[in-house]
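The values are calculated or read from the model by the stated rules, or taken from the named source; none is laboratory data. Treat the numbers as computed from the prediction; the structure is a model and nothing was measured. Cβ sites come from the backbone with ideal geometry, for glycine too, and all protein chains shown count toward neighbours.
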Amino acid sequence: MHPFVNIATKAARKAGSVIVRHIDQLDQIEIQAKGRNDFVSSVDKLAEEEIIYTIKTAYPDHAILGEESGQSGDNEVQWIIDPLDGTTNYLHGFPHFCVSIAIKQDNMLEHGVIYDPLRNELFIATRGRGARLNDVRIRVSKARSMQQSLIGTGFPYRQDKDVETYLACMKEVMDSCHGIRRAGSAALDLAYVACGRLDGFWEADLQPWDTAAGCLLIKEAGGMVSDFNGEDKFLDSGNIIAANPKVFIQLTKILRKNLKN
């Protein structure tokens with residue numbers, strides 16, 4: 001395992017311990033609103049502090065892009081951190097959330113780690129070396145058509161103007177697939193695409209820390225990822241379509257009727 005992945009795994013597990021340790025004290029957690037339907041808790045901050053401390057102890061000069069702490073440092077290696085993806089789920093006791101850590105080097109995504117602390121599931125990917133779940137090689141699903149597919153998504157919550165467009169897309173996808181799931185953690189949903197639990201996923205207005213690790217997992221598991229224009233700019237636009245190769249083509253065709261970057 002690459003040394004960066006060892007540190008990312010150590011950091012993710014430490015953050016996971018913080019998250020699980022506080023799950024029985026949800027009524028005592030301090031919560032702040034960052035925006036409409038967008039919250040940060042004291043647990044998010046504690047988990048991110050644990051991750052950054054672990055990284056900086058090993059690599060003090062590396063750059064950080066954290067959901068809560070923002071961007072710091074100037075280095076060819078950048079760690080992209082979401083300490084608790086699915087905060088709203090967590091605050092309601094809904095068991096679908098994770099820690100997500102990705103590593104870019106020379107502006108290329110090289111490593112990704114997603115950790116579900118409740119299920120003790122650790123997803124790891126390194127560019128060119130495949131993707132694993134708890135040290136077992138994973139691949140995207142073998143679904144050949146939308147009719148066979150279970151598709152994940154995320155509701156728009158930052159901009160009211162996106163709702164009608166989203167609903168139009170959802171109707172077309174719903175009419176074409178086996179089912180739709182909106183579980184509330186984009187990073188974990190992308191990990192589920194990588195291991196075949198979901199056949200595809202789409203969402204708009206995401207942040208790099210939501211998608212970086214999950215997208216690398218999907219690519220290394222044999223899947224495809226793009227923005228709504230079919231380009232590899234999803235980290236910049238925040239708009240993402242991901243699926244196994246056959247479903248990707250069909251899902252993209254459906255969504256492009258309504259979606260724009």
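Restricting attention to region 189-208, the residues being closer than 13 Å to D85 by Cβ and either surrounded by fewer than 24 Cβ atoms within 10 Å (Cβ to Cβ) or not assigned by TED's automatic domain parsing to the domain that holds V247 (or both) number 4.
The set of residues in region 91-109 that are surrounded by fewer than 19 Cβ atoms within 10 Å (Cβ to Cβ), over 18 Å from V43 (Cβ atoms) and at pLDDT 95 or above comprises Q105, D106, M108.
Taking into account only those residues within region 251-261 that are in contact (Cβ under 8 Å) with a residue 60 or more places away in the chain and surrounded by 14 or more Cβ atoms within 10 Å (Cβ to Cβ), which is nearest to M146 (Cα to Cα)? Here the answer is L251. If I ask for residues that are more than 13 Å from D205 (Cα to Cα) and surrounded by fewer than 23 Cβ atoms within 10 Å (Cβ to Cβ), which ones from region 230-245 would you list? Answer for region 230-245, where residues must be more than 13 Å from D205 (Cα to Cα) and surrounded by fewer than 23 Cβ atoms within 10 Å (Cβ to Cβ): G230, E231, D232, P245.
Considering region 209-245, the residues that are hydroxyl-bearing (S, T, Y) and touching a Ser or Thr at 6+ places or on another chain (Cβ under 9 Å) include one that is nearest to T87 (Cα to Cα), namely T211.
Remark: I249 matches the filter, which requires a residue to be over 30 Å from E48 (Cα atoms), assigned by TED's automatic domain parsing to the domain that holds L150 and β-branched (V, I, T).
The criterion of being of a type in the set (D, E, K, R) and out of contact with any strand residue (DSSP E or B) (no Cβ under 8 Å at 6 or more places or on another chain) does not hold for K219.
Among the residues making up region 74-117, those that are without any contact (Cβ under 8 Å) to a residue 24 or more places away in the chain and touching a strand residue (DSSP E or B) at 6+ places or on another chain (Cβ under 8 Å) are D74, N75. Evaluate region 53-73: report whether one residue or more is in contact (Cβ under 8 Å) with a residue 40 or more places away in the chain, over 22 Å from T126 (Cβ atoms) and in contact with a His (Cβ under 7 Å, 6 or more places away or on another chain). Scanning region 53-73 turns up no residue that is in contact (Cβ under 8 Å) with a residue 40 or more places away in the chain, over 22 Å from T126 (Cβ atoms) and in contact with a His (Cβ under 7 Å, 6 or more places away or on another chain).
Just one of the listed residues (F228, F248, F234) is among the aromatic types (F, W, Y) and closer than 16 Å to S145 by Cβ, and it is F248.
Looking at this structure, is D227 surrounded by fewer than 24 Cβ atoms within 10 Å (Cβ to Cβ), of a type in the set (D, E, K, R), in contact with a helix residue (DSSP H, G or I) (Cβ under 7 Å, 6 or more places away or on another chain) and outside the structural domain of H111 (by TED's automatic domain parsing)? Criteria met by D227. Any residue in region 130-148 that is surrounded by fewer than 20 Cβ atoms within 10 Å (Cβ to Cβ), free of Cβ contacts under 8 Å to residues at least 60 places away in the same chain and touching a Pro at 6+ places or on another chain (Cβ under 7 Å)? No, because not a single residue in region 130-148 is surrounded by fewer than 20 Cβ atoms within 10 Å (Cβ to Cβ), free of Cβ contacts under 8 Å to residues at least 60 places away in the same chain and touching a Pro at 6+ places or on another chain (Cβ under 7 Å). Against the list (1) at pLDDT 95 or above; (2) more than 14 Å from K142 (Cα to Cα); (3) in a loop (DSSP other than H, G, I, E, B); (4) not aromatic (F, W, Y), the condition A212 fails is (3). Selection of region 220-234 for residues being touching a residue at least 40 places away in the same chain (Cβ under 8 Å) and either out of contact with any Phe, Trp or Tyr (no Cβ under 9 Å at 6 or more places or on another chain) or more than 21 Å from I124 (Cβ to Cβ) (or both) yields E220, A221, G222. Filtering region 49-90 to residues that are touching a Pro at 6+ places or on another chain (Cβ under 7 Å) and at pLDDT 95 or above leaves I51, L65, I80. Taking residues in region 151-178 that are in the same structural domain as P245 (by TED's automatic domain parsing), and partners anywhere that are at pLDDT 90 or above and hydroxyl-bearing (S, T, Y), the pairs with Cβ atoms closer than 7 Å and at least 6 places apart or on different chains are G152/Y192; M170/T153; C177/S149; H178/S149.
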